[in-house]
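Reviewing the structure listed below.
The values are calculated or read from the model by the stated rules, or taken from the named source; none is laboratory data. Predicted, not measured: the structure shown is a model, and the values here were computed from it. Positions of Cβ are backbone-derived with ideal geometry, glycine not excepted, and every protein chain shown enters the neighbour counts.
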Amino acid sequence: MNTATPRLSARGLVKRFGSTTALAGVDVDLAGGESLAVMGPSGSGKSTLLHCLAGILLPDSGTVALDGREVGGLSDRERSLLRRKHYGFVFQFGQLLSELPAIENVALPAMLLGTPRRDATELAGRWLASLGLAGMEGRRPGELSGGQAQRVAVARALITGPAVVFADEPTGALDQSTGHDVMQILTETTKAAGASLVVVTHDAQVAGWCDRRIEVRDGLVRHPETAR
Amino acid sequence: MNTVLALAPRLQRAGGRDARITTSLAITAFAVTTGLTLSVVGGLLGFTARAEVPVPEGQGDDASVYVILAWIAVVLLVVPLITLAGAAARLGVARRDARLATLRLLGATPREVVGLTVTETAWQGLVGAFLGVLLYVVLLPLCALLPFQGTTFTVGELWVGWEGLAIALVGVPALAALSGAVSLRRVTVSPLGVARRETPKKMTWLRVVVAVVGIGTFMVVSSAAGQLGAAAGAALLGAMAVGFMTLNAVGPWVLGLVGKAQLRRASTPARLLAARRLLDDPKAAWRVVGGLGLAGFVAGALSILPTIVAVDTSQDPQGAILMDDLVTGAMVTLVVAFLLAAVSAGIAQAASVLDRRREIALQSLAGTPAELHDSVRRRTVLVPLLFVAVGSAVTALVMFYPLLGVQSMLSPQGPLMLVGFLAGGCALVFAATETSRPLLRSVLADTVVRAD
């Protein structure tokens, strides 16, 4: 295991929703460029773990640090900025804005960070081409297949050069073959971009694309450090 | 009862908070539509009844003029009223379509899906109509305070009768059901089709031709009104209705052009998104601001009133009363038009937030600032709003030019009145759209993004 400062590190994460304990003391480390699959059945707490790692939810106790910097003390606005600048997201479906063509969907996060529209659009075009979507820049999400839409989402997540990409069931709405293609692209392009990757999935085949996998059950990591 | 139709109440309850908000908004819209329609019809009936009373010897017969003017008010308000009712029937259409498409996938037939929608919207229409009747009854004594023909109305004069109420209670749910069924065409074609948004079909320039013909018809008829004799009033009224309706045809097309121009210049994410949203569905944008566009048309038409009123009526007391009443009637019509526009805009904005709930929440999770959504929401309304209000007022001035001549346009009070009306109307509509802000905040606060 990498002994340098982990890119993303969580210690003793506890998160409760009312009387339900979603996370009961979870430790996770993620090295730069490493991919980690978080597995577990429905309701096991894996999505809550992703939300805590990404700064969407604040844990009731425990810490999360990005490159050694604790993110728990940041305000809501600061965490939002952190997600915009340093994280990328790929959800199961629905994160693409339906009224924007593919190229503008990809360019939007860069524009939100202040890149001029022309430059952001050029960059987005290059990302789409590198993911095999040349010629589809003008298509809207409704005119793309599920696999194509997820590739657009991958480009959208990577355009800002994030430190970590979080993917929540990225193949959940796809057939097996398309899901295989999307995972290949997601893991390869993320690694090539130097970003770390956290994939939440209940599918062992999807998890098999990652460097490591952990299994969350009843809010605890049950089978840590399962090598690929 | 059919198994699928029997599901209607359960599906409604299962929709949770969003479904309750959508239902409340739809019912509010139907109630406002019913209440104001009954009030306007009551006014028309009041003037008609007065016109049927024999005129004493030596007095001029202005009563028939009042009936024509009341009909003009009805024509001016009918489109905003229909727009609001249509908006109510389309509320939350994205969520409802997704839910019904799932039912189609599970094996429900197109007929059952239509039945379910018709049941849902008809029920909302019925509750709305009932509340609208109550609103009408509450407004009755207030409307009766308005002075016309030298005296106020009695409540009895403005009463539409039990048959009028019955027609509302049957007609509103029926129209709601029809509108709901029409809005469902896409679901019944394909259960998969509804979740997919594709590049919108372009609206053709034929809409402009329709508008030019409509407005031209009014201008020709109005310039020849003198030769039409007794038929002049009816011809003018019909031509005005045609001209007015054409605004509804050309409005979305013009908004599409505005969207294209905005898109070319968009340099920030908010401008880009607002332009794309406008371009994506100009008809939906028109539904939000169209009410004010139509009110702007009314304001433009009414801005010539000061000139008419300025005509020396000191020798003609009856003429003076008529002119005063003309101004009162115009103001009432305009206030109702602005209220309808504000309610339409507020409801459409809230529905838009609910329809986009999932994508707004996911964008927020990915770090998109809340200010962007606010900025896009405002821009989506404000830019078309200003454009439509001013454009409609100018159209009205052009349309009425042959009827009243250049002198009517030269009075300084007219333009001042117009600017005042438009500024007040825009502020009212903008305030109404801001009521969706707390709803947007609650969507952004939701970190658990549920599937639709």
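Cβ separations smaller than 6 Å between residues 6+ apart or across chains give the following pairs from the range B:365-381 residues that are at the interface with chain A (Cβ under 7 Å from one of its Cβ atoms) and part of a loop (DSSP other than H, G, I, E, B) to residues that are aromatic (Phe, Trp, Tyr) and crowded, with 24+ Cβ neighbours inside 10 Å: B:366/A:89. Taken together, the residues in the range B:360-408 that are at pLDDT below 80, under 20 Å from residue B:257 (Cβ atoms) and β-branched (Val, Ile, Thr) amount to 5.
Screening the candidates A:173, A:157 for the property of being assigned to a loop (DSSP other than H, G, I, E, B) and aliphatic (A, V, I, L, M) yields one hit, A:173. Taking the numbered list (1) at pLDDT 90 or above; (2) surrounded by 22 or more Cβ atoms within 10 Å (Cβ to Cβ); (3) facing chain B (nearest Cβ under 9 Å) in turn, residue A:167 passes all entries but (3).
Is it the case, given these coordinates, that residue A:49 is within 14 Å of chain B (Cβ to nearest Cβ), at pLDDT 90 or above and farther than 19 Å from residue A:171 by Cα? No; evaluated as a whole, the condition is false for this residue. When restricted to residues that are touching a residue at least 60 places away in the same chain (Cβ under 8 Å) and hydrophobic (A, V, I, L, M, F, W, C), the range A:65-98 contains 6. With respect to residue A:14, determine if the residue is more than 28 Å from residue A:183 (Cβ to Cβ), at pLDDT below 95 and in a strand (DSSP E or B). Here the answer is yes, as residue A:14 does meet what is asked.
When A:9, A:44, A:35 are checked against the criterion of being in contact with a Phe, Trp or Tyr (Cβ under 8 Å, 6 or more places away or on another chain) and touching a residue at least 12 places away in the same chain (Cβ under 8 Å), a single residue qualifies: A:35. When each of B:44, B:84, B:76, B:91 is tested for being at pLDDT below 75 and assigned to a helix (DSSP H, G or I), the lone residue that passes is B:76. If I filter the range A:137-153 down to residues being hydrophobic (A, V, I, L, M, F, W, C) and in a helix (DSSP H, G or I), which single residue comes out as farthest from the other protein chains (Cβ to nearest Cβ)? So, considering only residues that are hydrophobic (A, V, I, L, M, F, W, C) and in a helix (DSSP H, G or I), the one farthest from the other protein chains (Cβ to nearest Cβ) is A:152. Each residue in the range B:352-364 was checked for being within 7 Å of another protein chain (Cβ to nearest Cβ) and among the aliphatic types (A, V, I, L, M), and 1 pass.
Listed here are the helices (runs of 4 or more DSSP H) enclosed by the range B:103-182 that have at least 3 residues being buried (at least 17 other Cβ atoms within 10 Å of the Cβ): B:110-143, B:161-182. When residue A:193 is tested against (1) out of contact with any Leu (no Cβ under 9 Å at 6 or more places or on another chain); (2) surrounded by fewer than 23 Cβ atoms within 10 Å (Cβ to Cβ); (3) more than 28 Å from residue A:217 (Cα to Cα), only condition (1) is not met. Residue by residue through the range A:88-114, note down the ones that are aromatic (Phe, Trp, Tyr) and either within 8 Å of chain B (Cβ to nearest Cβ) or buried (at least 21 other Cβ atoms within 10 Å of the Cβ) (or both). A:89, A:91 - these are the residues of the range A:88-114 that are aromatic (Phe, Trp, Tyr) and either within 8 Å of chain B (Cβ to nearest Cβ) or buried (at least 21 other Cβ atoms within 10 Å of the Cβ) (or both).
Only residues that are closer than 17 Å to residue A:172 by Cα and in a loop (DSSP other than H, G, I, E, B): list them for the range A:19-44, please. A:40, A:41, A:42, A:43, A:44 - these are the residues of the range A:19-44 that are closer than 17 Å to residue A:172 by Cα and in a loop (DSSP other than H, G, I, E, B).
Taking the criterion of being outside any strand (DSSP E or B) and either within 11 Å of another protein chain (Cβ to nearest Cβ) or surrounded by fewer than 17 Cβ atoms within 10 Å (Cβ to Cβ) (or both), the residues of the range A:59-69 that qualify are A:60, A:67, A:68. Residues in the range A:70-87 that are in a strand (DSSP E or B) and more than 8 Å from every other protein chain (Cβ to nearest Cβ): A:70 alone. Can you tell me which residues in the range A:112-127 are more than 23 Å from residue A:169 (Cβ to Cβ) and either under 20 Å from the mean Cα position of the chain (by Cα) or in contact (Cβ under 8 Å) with a residue 12 or more places away in the chain (or both)? Residues satisfying the conditions are A:112, A:113, A:120, A:121, A:123, A:124, A:125.
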